[in-house]
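Peer 1: Sharing a structure with you now.
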Amino acid sequence: MTADIIPHTSTDAHQPCWQEELATAIRDPAALLKLLEIDPTQLDSSTAAQQAWSIRVPLPYVQRMGKGDINDPLLKQVLPLGAEMLSAPGFSSDPLGEEDANPVPGVVHKYHGRALLIISPACAIHCRYCFRRHFPYENNTLGKGEWQAALNYLANDESISEVIYSGGDPLAANDNFLLWMTEQIAAIPHIKRLRIHTRLPLVIPSRIDQSCLHWLTATRLKVVMVWHINHPNEIDHAVTQAAQTLKRQGIELLNQSVLLKQVNDSTQTLAALSEQLFEAGILPYYIHRLDKVAGAAHFNVSDERIQQLQQELLALLPGYLVPRFVCEQAGARTKLALSFPKTDIA
Ligand code: SF4
């Protein structure tokens with residue numbers, strides 16, 4: 001297939017490439033608040049949270065935030081808060097028990113039939129609720145020459161038919177490496193599908209450029225891209241364009257969200273998200289209960305509220321626009337459906 005050329009939406013002579021957008025990401029909470037015209041005194045004592053895990057947010061994402069609004073749902077996802085330093089019962093550094101499912105460096109293998117590769121430890125954005133915020137990336141960050149054990153692991157297990165690129169964000173890796181890795185995986189006959197979990201094309205839509213489309217479309221593997229979009233305000237024209245370009249190249253686009261208190265825990269917000277995802281060509285697939293990672297307890301939504309949201313969404317939307325409500329549990333062999341009383345699906 002021939003890769004699309006994505007038209008620039010800017011009238012500027014110089015349209016920054018994704019690497020430049022990444023390099024100029026905001027790393028200081030005060031700088032972000034200044035840009036958003038928010039009085040820094042509205043911020044609680046977040047210094048320790050910033051020191052524990054610094055803010056990182058590229059400008060194309062900041063531009064979708066509302067000026068002067070400390071409660072903006074995009075800002076809430078990235079702004080370090082003092083609440084992150086409070087311990088909460090049941091919240092831990094490894095909520096999904098991934099360190100026990102790490103058979104060789106770079107591989108996480110929890111579920112039958114699919115294995116996950118930690119392609120890149122880096123992310124374009126630091127999401128404060130991230131369940132891998134304490135993951136030992138230092139033991140799983142491999143140079144190109146160090147991937148052979150992981151590739152041997154995939155080749156030696158014929159039950160694996162799907163490889164998942166994860167991280168960090170796998171699209172933070174450069175395209176030469178991604179092309180090479182995808183060729184290595186396609187050379188393993190029993191692997192049929194490549195699934196890519198990413199937030200990068202949402203945060204920086206220019207990531208979907210010619211070079212990225214080249215390795216995505218040059219492979220024999222069926223490619224599925226799972227976007228991680230939590231709020232309809234995250235989807236602007238450039239994001240829609242990037243998604244539609246991928247869709248035209250035959251890439252399946254799914255979305256998974258995380259339910260986040262005071263970000264997207266309202267029926268209207270979730271309904272608008274499903275509608276906008278579908279407009280962009282992305283199917284709303286999963287909505288996850290928050291993984292109980294230390295530092296994120298203030299994002300937790302109660303089971304009672306989740307049940308209410310699910311029932312209200314089913315009443316509001318056709319069934320194919322209602323994502324599956326799921327959670328993950330350490331040691332479980334699959335994701336678990338959140339089982340609430342049966343409701344009719346139309
Ligand atoms: S892994 Fe995903 S959720 Fe976690 S910080 Fe990176 S982009 Fe955000």
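The values are calculated or read from the model by the stated rules, or taken from the named source; none is laboratory data. Here the structure is a predicted model, which is why all the values come from computation and not from measurement. In this analysis, Cβ positions are derived from the backbone assuming ideal geometry, glycine residues included, and neighbour counts consider all displayed protein chains.
Peer 1: What is the residue count in region 321-345 for residues that are modelled with pLDDT under 95 and of a type in the set (Phe, Trp, Tyr)?
Peer 2: Going through region 321-345 one residue at a time, the tally reaches 1.
Peer 1: Right, next: From the residues in region 229-252 that are more than 15 Å from the chain's Cα centre (by Cα) and charged (D, E, K, R), which one is surrounded by the fewest Cβ atoms within 10 Å (Cβ to Cβ)?
Peer 2: 248
Peer 1: Another one. Filter region 167-198 down to the residues that are modelled with pLDDT of 95 or more and within 16 Å of the ligand (Cβ to nearest atom) and list them by number.
Peer 2: Passing the criteria: 169, 170, 171, 172, 173, 195, 196, 197, 198.
This table checks each residue for (1) in contact with a Lys or Arg (Cβ under 9 Å, 6 or more places away or on another chain); (2) surrounded by 16 or more Cβ atoms within 10 Å (Cβ to Cβ).
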position	(1), (2)
66	no, no
75	no, yes
84	yes, yes
90	yes, no
93	yes, no
97	yes, no
106	no, yes
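Peer 1: Search region 96-124 for residues that are within 16 Å of residue 152 (Cα to Cα) and pair each with any residue that is in a helix (DSSP H, G or I) and among the hydroxyl-bearing types (Ser, Thr, Tyr) when their beta-carbon atoms are under 7 Å apart and the residues are at least 6 apart or on different chains.
Peer 2: 103/153; 104/153; 107/153
Peer 1: May I pose another question? Of the residues that make up region 65-83, is at least one closer than 17 Å to residue 297 by Cα, part of a loop (DSSP other than H, G, I, E, B) and touching a residue at least 60 places away in the same chain (Cβ under 8 Å)?
Peer 2: yes
Peer 1: Moving on to the next point. Would you call residue 240 within 16 Å of the ligand (Cβ to nearest atom), modelled with pLDDT of 95 or more, out of contact with any Lys or Arg (no Cβ under 8 Å at 6 or more places or on another chain) and more than 23 Å from residue 112 (Cβ to Cβ)?
Peer 2: no
Peer 1: Okay, moving on. Within region 94-112, restricting attention to residues that are modelled with pLDDT of 90 or more and of a type in the set (A, V, I, L, M, F, W, C), which residue is nearest to the ligand (Cβ to nearest atom)?
Peer 2: Ranking the candidates gives 108 first.
Peer 1: In region 113-152, what count of residues is obtained for those that are surrounded by fewer than 18 Cβ atoms within 10 Å (Cβ to Cβ) and either away from the ligand (no atom under 13 Å from the Cβ) or not in a loop (DSSP other than H, G, I, E, B) (or both)?
Peer 2: 14
Peer 1: Right, here's the next one. Give region 199-218 a look and list any residue that's within 16 Å of the ligand (Cβ to nearest atom), out of contact with any Leu (no Cβ under 7 Å at 6 or more places or on another chain) and charged (D, E, K, R), or say none.
Peer 2: Hit for region 199-218 is 199, nothing else.
Peer 1: Determine which single condition residue 71 fails, assuming it passes every other condition in (1) touching a helix residue (DSSP H, G or I) at 6+ places or on another chain (Cβ under 8 Å); (2) over 19 Å from residue 141 (Cα atoms).
Peer 2: Status for residue 71: all satisfied but (1).
Peer 1: Further question: Before we move on, is residue 277 in contact (Cβ under 8 Å) with a residue 12 or more places away in the chain and in a loop (DSSP other than H, G, I, E, B)?
Peer 2: No.
Peer 1: Return the total of residues in region 163-184 being crowded, with 18+ Cβ neighbours inside 10 Å and closer than 19 Å to residue 109 by Cα.
Peer 2: Total meeting the criteria: 10.
Peer 1: Can you run down the residue pairs with Cβ atoms below 6 Å, 6 or more apart or on separate chains, where the first is in region 246-257 and farther than 11 Å from residue 281 by Cβ and the partner is aromatic (Phe, Trp, Tyr)?
Peer 2: Cβ pairs passing all conditions: 256/285; 256/286.
Peer 1: Okay, next question. Quick check on residue 221: is it away from the ligand (no atom under 16 Å from the Cβ), buried (at least 21 other Cβ atoms within 10 Å of the Cβ), over 12 Å from the mean Cα position of the chain (by Cα) and touching a residue at least 12 places away in the same chain (Cβ under 8 Å)?
Peer 2: In short, no.
Peer 1: Related question: Is it the case, given these coordinates, that residue 309 is farther than 24 Å from residue 91 by Cα and touching a helix residue (DSSP H, G or I) at 6+ places or on another chain (Cβ under 7 Å)?
Peer 2: no
Peer 1: Next question. All but one of (1) assigned to a loop (DSSP other than H, G, I, E, B); (2) surrounded by 14 or more Cβ atoms within 10 Å (Cβ to Cβ) hold for residue 262, so report the exception by its number.
Peer 2: (2)
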